[in-house]
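The values are calculated or read from the model by the stated rules, or taken from the named source; none is laboratory data. Just so it is clear, the model here is predicted, and its values are computed rather than measured. Cβ: placed from backbone, ideal geometry, glycine included. Neighbour counts: every protein chain shown.
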Amino acid sequence: MNVQQIVEAVLFASDAPLTAEEIARADETLDEEQVEDAIRQLRAEYDDGARSFQLMELAEGHQILTRPEFAPYLERFDNVPRPSRLSGPALETLAIIAYRQPLARLEMEYVRGVGVSGVVRTLQERSLIEVVGRAEGLGRPLLYGTTQHFLEHFGFRSLEDLPRPDELPIVLRERLPLGLDDDAEDSESEEDGEAAEQQLELASEVPAADEPGEDGPLDDNPQDGHSADDDPGEDQSEYDDSDADVPEADSLSEDGAEEPIV
């Protein structure tokens, strides 16, 4: 039995990518160089023979998979394994983790603007992310990163196969510290406050036209419009009799006495 047949049998029976080192453990006489050479020969044979399957390199290993153009035919069978689909929020959170890992749950929520506890739990249950450490900040929160199964699920050889950062939205490309926007708003508020104080100081230096002079007394009771030193008699003399309420003619008797209106 030659090396190529051994390697093909191992890859055919495996449901996950295998590295050359792992395949070499199938026989004591195999080494990694022989395995790599057999893999190249098998890949060329499959491509030249227009086989319905191919030998792909993904997740830092090798695996035999059917070609994508045959997927519509395989979807008609229930006994053919199908990859589980992810929801929109799960894909968004997974993309944030993939490009900015390792990061804590608080950072994911800061980017998305919503809670991600349920989504993170779902991604962990599907073995797409895992805890890779703890942060050095307050409370030492858990840090999350992608797994090998993440690479297998999306067909990547490594994280370097992800789209380049300059082709992505800025929310994934740049990692800003938490609270940066709040600090910017606080600095703007402080500048606005200083400008308002300067305007108040300038306004206080110029007295208004209706304010009393330095020699005039201040109004002790601004509600009634008179100061404490005003003479009630002067107020009474200035009272306009024409504005007083005069009883109507039909409510007065002949001698001028007021009669009740029936």
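Looking only at the stretch 1-25, residues that are closer than 24 Å to Ser158 by Cβ, of a type in the set (A, V, I, L, M) and part of a loop (DSSP other than H, G, I, E, B) come to 1 in all.
When Arg112, Arg25, Arg82, Arg105 are screened for being more than 18 Å from Phe150 (Cα to Cα) and either touching a Cys at 6+ places or on another chain (Cβ under 9 Å) or outside the structural domain of Leu159 (by TED's automatic domain parsing) (or both), only Arg25 passes.
Conditions (1) at pLDDT 95 or above; (2) in contact with a helix residue (DSSP H, G or I) (Cβ under 6 Å, 6 or more places away or on another chain); (3) within 22 Å of His149 (Cα to Cα); (4) of a type in the set (Ser, Thr, Tyr), marked per residue:
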| residue | (1), (2), (3), (4) |
| --- | --- |
| Met1 | no, no, no, no |
| Asp15 | no, no, yes, no |
| Thr29 | no, no, no, yes |
| Glu32 | no, yes, no, no |
| Gly49 | no, no, no, no |
| Met56 | no, no, yes, no |
| Tyr73 | no, no, no, yes |
| Arg76 | no, no, no, no |
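Can you find a residue in the stretch 135-146 that is outside the structural domain of Pro17 (by TED's automatic domain parsing), under 30 Å from Val10 (Cα atoms) and in contact (Cβ under 8 Å) with a residue 24 or more places away in the chain? Scanning the stretch 135-146 turns up at least one residue that is outside the structural domain of Pro17 (by TED's automatic domain parsing), under 30 Å from Val10 (Cα atoms) and in contact (Cβ under 8 Å) with a residue 24 or more places away in the chain. For Leu86, the requirement of being part of a loop (DSSP other than H, G, I, E, B), under 41 Å from the mean Cα position of the chain (by Cα) and surrounded by 14 or more Cβ atoms within 10 Å (Cβ to Cβ) is met.
Based on this model, can you work out whether Glu130 counts as assigned by TED's automatic domain parsing to the domain that holds Leu159, surrounded by 11 or more Cβ atoms within 10 Å (Cβ to Cβ) and touching a residue at least 24 places away in the same chain (Cβ under 8 Å)? Full working, then the answer.
Working: assigned by TED's automatic domain parsing to the domain that holds Leu159: yes; surrounded by 11 or more Cβ atoms within 10 Å (Cβ to Cβ): yes; touching a residue at least 24 places away in the same chain (Cβ under 8 Å): no.
In short, no.
Rundown of residues vs (1) farther than 30 Å from Gln4 by Cβ; (2) surrounded by fewer than 18 Cβ atoms within 10 Å (Cβ to Cβ), yes/no style:
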{"residue": "Glu32", "(1), (2)": "no, yes"}
{"residue": "Gln63", "(1), (2)": "no, no"}
{"residue": "Ile96", "(1), (2)": "yes, no"}
{"residue": "Glu107", "(1), (2)": "yes, no"}
{"residue": "Val114", "(1), (2)": "yes, yes"}
